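Report on the structure given below.
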Amino acid sequence: MTKEAIFKILEERILVLDGAMGTMIQRHKLTEADYRGERFKDYPHDLKGNNDLLSLSQGEIIKDIHRAYLAAGADIIETNTFNSTRVSMADYHMEDLVPEINETAAKIARAAADEFTAQNPNKPRLVAGSIGPTNKTTSLSPDVNNPGFRAIDFDTLAADYKEQAAALIRGGVDILLVETVFDTLNAKAALFALQDLFDDLGKEYPIMVSGTITDASGRTLSGQTTEAFLTSLSHVPLLSIGLNCALGADQLRPYVQTLAAKAPFAVSAHPNAGLPNAFGEYDQGPDEMGVLIQEYLNRNLLNVIGGCCGTTPEHIEVLARMVESAKPRPLSASIVSDY
C-alpha cells in the first residue's frame with residue numbers, strides 16, 4: 001500500500017497497532033531445543049531468548065501470533081525483527097543471518113496480513129518493519145571511567161540499519177517503524193540509513209518513529225524531553241511520531257499530549273500494560289488499560305494506538321473496539337499537503 005493511501009486512512013480513523021510479540025512468545029514456554037529447531041540443533045552457542053530467530057526456526061508460531069492480533073482487530077502488525085541488526089545479533093554470533101531473518105519475518109507478517117485483507121478488503125491490514133534501538137548507544141559511554149568512549153559509531157550503526165531495512169522491504173513491508181528510541185542519535189542513524197536506502201531504491205516508504213520516556217523525569221535515556229525529541233527528528237518527513245514502552249498508559253499520557261499539541265505528523269502511542277510488578281510481569285488487564293486509553297480518545301490525542309510490553313490480543317481487541325467510535329486527531333495542513 002502506498003504512503004498516500006495509508007495517510008488517507010489516517011485522516012479517516014485511528015489505526016490499531018498490534019501488541020507485544022515477546023509477551024506472546026513467552027506464553028509458548030519454549031525451550032532451548034524449540035529455539036534451535038531442526039536447522040540450528042547443533043549450533044555451538046545458546047539460542048534461547050533470541051526471539052527474532054524464531055522466524056526461521058518456528059515460523060508457524062510467529063505467524064499464529066500475527067493472526068491472533070489481526071483477529072483482535074489490529075490494522076498494523078509489526079515484524080518479529082526488533083533485534084535483527086548485526087550489532088544486536090552479535091550476542092548470539094548470528095550476524096550473517098540478519099538479511100534472512102528480516103526478509104523471512106517480513107514475509108511471514110505479509111502473508112498473515114494479506115490473509116485477513118482478503119477476508120475483508122474494506123479493512124486493509126498493513127505490515128510495519130520493526131527496527132529496534134539495538135543494544136548500543138551512540139550518545140553515551142557504557143564506561144563511567146571513560147565518558148568519551150562509545151561502543152559503536154554512527155556510520156557503523158547506520159550501515160546495520162540500512163541492511164535491516166533493505167531486507168524488510170524485500171520481504172514486503174508497508175511501513176518502517178523505528179521504535180523504542182532511547183537515544184535520539186541512534187534514531188538519527190536509522191533515519192539517515194532509511195533515506196540513503198530510499199535514494200538507492202528510487203522509492204520512499206512511510207516511516208513511523210516511536211520514542212521511549214524512561215521514567216518520571218519525562219526524558220529519554222539520552223536526556224531529551226519530549227519536545228526536544230520531536231524537534232530533533234522533525235526534519236524528516238515522517239508518517240507519525242509517538243511513544244512506547246517503559247511506562248503504562250496512565251504515566252505516558254502527559255507526554256503523548258505534548259506530542260499531540262506540537263507534532264506536524266500523525267501521533268502514535270503503544271504503552272505497556274501498566275508498570276511491571278516485583279517479578280517483572282504486567283498485571284494490567286485489557287479493560288483497565290481501556291479505561292486509561294479512553295482519556296486519550298476523549299482528548300483527541302491519537303492517530304495510532306497499540307500496545308507494548310505485557311499487552312496481548314485481548315488488550316488489542318478492547319482498543320480496536322474503542323476506536324471504532326472515536327475520532328482521530330486532526331492532521332496539520334502541512335503534512336496533508338506533503339502527501
- prompt: Has the range 85-102 got any residue that is touching a residue at least 40 places away in the same chain (Cβ under 8 Å) and farther than 24 Å from Thr134 by Cβ?
  reply: no
The residue that is modelled with the lowest pLDDT, considering only those in the range 1-27 that are surrounded by 17 or more Cβ atoms within 10 Å (Cβ to Cβ) and not aliphatic (A, V, I, L, M), is Lys3
I'd like to know if the range 73-94 contains one or more residues that are more than 21 Å from His270 (Cα to Cα), among the polar types (S, T, N, Q), in contact with an Asp or Glu (Cβ under 9 Å, 6 or more places away or on another chain) and buried (at least 20 other Cβ atoms within 10 Å of the Cβ).
yes
Among Ala193, Ala151, Ala228, the single one that is at pLDDT 95 or above, out of contact with any strand residue (DSSP E or B) (no Cβ under 6 Å at 6 or more places or on another chain) and within 25 Å of Asp91 (Cα to Cα) is Ala193
**OP:** Would you confirm whether any residue within the range 262-274 is of a type in the set (A, V, I, L, M, F, W, C) and surrounded by fewer than 23 Cβ atoms within 10 Å (Cβ to Cβ)?
**Re:** no
Of the residues in the range 284-311 that are in a helix (DSSP H, G or I) and either at pLDDT below 95 or among the aliphatic types (A, V, I, L, M) (or both), the one that is nearest to Leu331 (Cα to Cα) is Leu297
- Message: Within the range 218-240, does at least one residue satisfy the condition of being buried (at least 22 other Cβ atoms within 10 Å of the Cβ) and assigned to a strand (DSSP E or B)?
- Response: yes
Going through (1) under 23 Å from Glu227 (Cβ atoms); (2) more than 16 Å from the chain's Cα centre (by Cα); (3) of a type in the set (Gly, Ala, Ser) one by one, Ala269 fails only at (2)
Could you tell me whether any residue of the range 245-253 is part of a helix (DSSP H, G or I), in contact with a helix residue (DSSP H, G or I) (Cβ under 8 Å, 6 or more places away or on another chain), closer than 21 Å to Ser130 by Cβ and not acidic (Asp, Glu)?
-> yes
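To keep it simple, each residue is scored yes or no on (1) of a type outside the set (Phe, Trp, Tyr); (2) farther than 21 Å from Gly242 by Cα; (3) in contact with a Lys or Arg (Cβ under 7 Å, 6 or more places away or on another chain); (4) surrounded by 21 or more Cβ atoms within 10 Å (Cβ to Cβ).
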| residue | (1), (2), (3), (4) |
| --- | --- |
| Ile131 | yes, no, no, yes |
| Lys136 | yes, yes, no, no |
| Arg150 | yes, yes, no, no |
| Ala167 | yes, yes, no, yes |
| Val173 | yes, no, no, yes |
| Leu177 | yes, no, no, yes |
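The values are calculated or read from the model by the stated rules, or taken from the named source; none is laboratory data. Bear in mind that the values here come from a model prediction, so they are computed numbers and not experimental data. All Cβ positions, even for glycine, are placed from backbone atoms using ideal geometry, and neighbour counts span all protein chains on display.
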